[in-house]
Amino acid sequence: MKLMHTKLPDFIKKMHEAVHKHFADRDLNIKGLENLSSAKMQSLRTGRIEHAVEEMVLTTGINQVEMVIIPRVPETMHTVIIKGLGEDGEVKKAILEVINILHCTEEVELHDCNDIDDRRPVIGRH
Amino acid sequence: MAVLRYKLISEGKVGKYTVPLNIIFVDSKDIVASGLSQDDAVTKIASQIQGPAGISVFDMEAVTTTSDGIMVQGAIIKMAASDHGRINSDFGRLDMAEMEYSPEIVSEEPHLKQWQTLFSGRRLFRGPDPQKKVIPVHNVVISGRASNNNSATEMMNIVTMEEILLPILGQLEIMNDGEVLIGNTGGVISVGIGMTVAEKFGRVFPTRQFRAGETAHNCGEYAQTLKKEIPCIVATKRTLAKAIINALNAGMVPGLHIGCSPAVLSVAKYLGREIDIDNIKDSAWEELISIGFSKKWLQVEQKVLTEAQFLERADELIPGVDEPFKKKVSELVKVMEINI
């Protein structure tokens with residue numbers, strides 16, 4: 001069970017290593033995780049993504065690799081926690097609200113690229 | 001060779017106002033004439049537009065409702081969003097649900113009495129069936145930067161975060177080659193948008209969540225700021241007034257059968273028609289009062305205008321839209337053709 005989900009720092013390290021394994025002088029630019037300080041990443045996909053990064057870096061004509069992580073569902077629902085703190089810093093009162101956030105879908109990153117290998121399962125599968 | 005025709009408002013500026021994405025209007029009759037299916041036609045049109053785009057497909061023989069419950073002829077039956085010529089396969093397009101007429105639906109949604117009275121036999125479309133969505137997002141389609149919301153009446157570019165409001169009456173004017181009003185929404189429209197009616201598969205809500213006399217916004221004086229500084233393309237006040245008068249003449253009572261939006265209240269007040277003041281909830285009053293619509297103002301006796309007199313003064317008597325200018329649709333849209 002320990003390996004069912006990967007620690008966020010381990011996920012990031014693994015992705016960089018997938019590049020460094022073949023090209024010590026190249027790096028991987030990862031965007032979209034900046035707002036996360038603590039998270040567990042799905043292990044099942046972690047291995048496949050490592051594999052995809054390695055495959056991409058070894059592709060002829062590819063000079064650099066970038067990874068962008070965006071929400072698969074472009075409207076995400078979030079809980080908003082409005083906390084009232086007392087003098088001692090303890091939460092004395094709270095109001096819970098909800099906010100939906102709209103995000104771009106992948107077309108915004110792909111521009112006119114036509115060589116797209118979509119390996120995502122249909123929504124609802126993992 | 002067949003031709004697929006559509007209307008386009010290009011991303012850029014109209015007067016001093018920003019149009020944040022390309023806006024496309026398609027008549028289902030033109031799709032039939034092209035020989036394509038509706039989905040293929042929308043895909044074909046999207047492939048012609050490199051920038052972000054919102055797409056509305058209309059059945060001009062069908063009917064729909066405004067958010068405050070006014071029934072009008074001409075309905076959006078499909079919406080899409082595209083970017084870089086592509087429509088997202090999961091979230092890029094949605095069909096509106098056709099509603100079946102029944103005494104039960106009229107009983108649940110009293111504003112639909114207009115259906116039999118004014119538009120008997122016509123097909124009705126508002127929003128999509130939530131069961132047809134991949135996942136329960138709101139009534140939105142998104143592809144890349146383009147987001148087409150609330151059943152194709154609010155469109156935006158998610159990267160620039162600029163938005164434009166396209167209430168259904170304005171879109172119908174575009175389809176009918178009439179005249180539109182372009183301006184900033186302002187506080188009155190911001191409040192008015194919240195004065196909805198209860199609808200199953202509605203333009204904004206999939207369930208009958210907010211009834212006439214209530215406010216969906218429910219946030220007091222903040223309601224006037226929610227959609228205040230947004231460019232909008234709307235019908236002229238005269239066209240809006242005609243639609244509201246038709247509803248009033250079909251027996252609709254503001255606050256009871258149809259929403260208590262500032263526009264509806266203004267028409268009813270000046271024509272001396274019944275308004276269900278007691279059914280308008282305190283939360284709705286709070287928002288109306290914040291933009292100068294008090295219960296006292298509605299109760300003050302004044303000279304009743306005829307419909308013709310009101311229509312002549314509609315620009316003056318219906319509030320809403322800041323710094324507007326009128327524009328003929330023929331000067332606003334480009335008619336485009338694709339050879340099929």
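The values are calculated or read from the model by the stated rules, or taken from the named source; none is laboratory data. Values in this document were obtained by computation on a predicted structure and should not be read as measured data. All Cβ positions, glycine included, derive from the backbone under ideal geometry; neighbour counts span all protein chains shown.
When the strands (runs of 3 or more DSSP E) confined to region B:1-95 are screened for residues that are closer than 30 Å to A:Arg72 by Cα, those reaching at least 2 such residues are found at B:3-9, B:17-19, B:22-27, B:53-65, B:71-82, B:93-95.
Among residues of region A:111-124 that are at pLDDT below 95, those with a beta-carbon under 7 Å from a residue that is among the acidic types (Asp, Glu) and surrounded by 10 or more Cβ atoms within 10 Å (Cβ to Cβ) at least six positions away or on a different chain give the pairs A:Ile123/B:Asp90. Scanning region B:183-224 for residues that are over 18 Å from B:Cys260 (Cα atoms) and in contact with a helix residue (DSSP H, G or I) (Cβ under 8 Å, 6 or more places away or on another chain) gives B:Lys200, B:Phe201, B:Pro206. The condition of being within 14 Å of chain A (Cβ to nearest Cβ) and buried (at least 21 other Cβ atoms within 10 Å of the Cβ) holds for only one of B:Met252, B:Met195, B:Met155, B:Met161, that being B:Met155.
Scanning region B:130-152 for residues that are within 9 Å of chain A (Cβ to nearest Cβ) and within 18 Å of B:Asp83 (Cα to Cα) yields a total of 8.
State all residues of region A:104-126 that are among the acidic types (Asp, Glu), at the interface with another protein chain (Cβ under 10 Å from one of its Cβ atoms) and not in a helix (DSSP H, G or I); if no residue qualifies, say none. Lay out the reasoning, then the answer.
First, pick out the residues of region A:104-126 that are among the acidic types (Asp, Glu): A:106-107, A:109, A:112, A:115, A:117-118.
Within this subset, residues satisfying the condition of being at the interface with another protein chain (Cβ under 10 Å from one of its Cβ atoms) are A:106-107, A:109, A:112, A:118.
Within region A:104-126, A:Glu106, A:Asp112, A:Asp118 qualify.
Scanning region B:41-62 for residues that are surrounded by fewer than 21 Cβ atoms within 10 Å (Cβ to Cβ) and either more than 9 Å from chain A (Cβ to nearest Cβ) or at pLDDT 95 or above (or both) returns B:Thr43, B:Lys44, B:Ser47, B:Gln48, B:Gly51, B:Met60, B:Glu61, B:Ala62. List the pairs whose first member sits in region B:31-53 and is at positive phi, whose second member is of a type in the set (A, V, I, L, M, F, W, C) and in a loop (DSSP other than H, G, I, E, B), and whose Cβ atoms are under 9 Å apart, counting only residues at least 6 apart or on separate chains? Partner pairs satisfying both residue conditions: B:Gly35/B:Ala2; B:Gly35/B:Ile340. If you filter region B:105-118 down to residues that are aliphatic (A, V, I, L, M) and in contact (Cβ under 8 Å) with a residue 24 or more places away in the chain, you find that the one that is surrounded by the most Cβ atoms within 10 Å (Cβ to Cβ) is B:Leu112.
Looking across region B:70-104 at every residue that is without any contact (Cβ under 8 Å) to a residue 12 or more places away in the chain and under 30 Å from B:Ala250 (Cβ atoms), the one that is farthest from the other protein chains (Cβ to nearest Cβ) is identified as B:Pro103.
A quick yes/no check of all residues on (1) crowded, with 17+ Cβ neighbours inside 10 Å; (2) modelled with pLDDT of 95 or more; (3) of a type in the set (A, V, I, L, M, F, W, C):
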| position | (1), (2), (3) |
| --- | --- |
| B:Gly92 | yes, yes, no |
| B:Ser120 | no, yes, no |
| B:Gly127 | yes, yes, no |
| B:Gln131 | no, no, no |
| B:Val134 | no, no, yes |
| B:Ser151 | yes, no, no |
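Identify the residue in region A:83-103 that is part of a strand (DSSP E or B) and within 14 Å of chain B (Cβ to nearest Cβ) and, among all such residues, is surrounded by the most Cβ atoms within 10 Å (Cβ to Cβ). Show your work before the answer.
Step one: list which residues in region A:83-103 are part of a strand (DSSP E or B), which gives A:83-85, A:91-102.
Narrowing further to those that are within 14 Å of chain B (Cβ to nearest Cβ): A:95, A:97-102.
On the way: A:Ile95: 9, A:Glu97: 9, A:Val98: 8, A:Ile99: 9, A:Asn100: 11, A:Ile101: 11, A:Leu102: 17.
In this case the residue turns out to be A:Leu102.
The residues on offer are B:Gly220, B:Gly192, B:Gly170, and the sole one that is modelled with pLDDT under 95 and either touching a Phe, Trp or Tyr at 6+ places or on another chain (Cβ under 9 Å) or within 18 Å of B:Glu154 (Cβ to Cβ) (or both) is B:Gly192. Residues in region B:16-46 that are out of contact with any strand residue (DSSP E or B) (no Cβ under 8 Å at 6 or more places or on another chain) and under 20 Å from B:Ile142 (Cα atoms): B:Asp40, B:Thr43.
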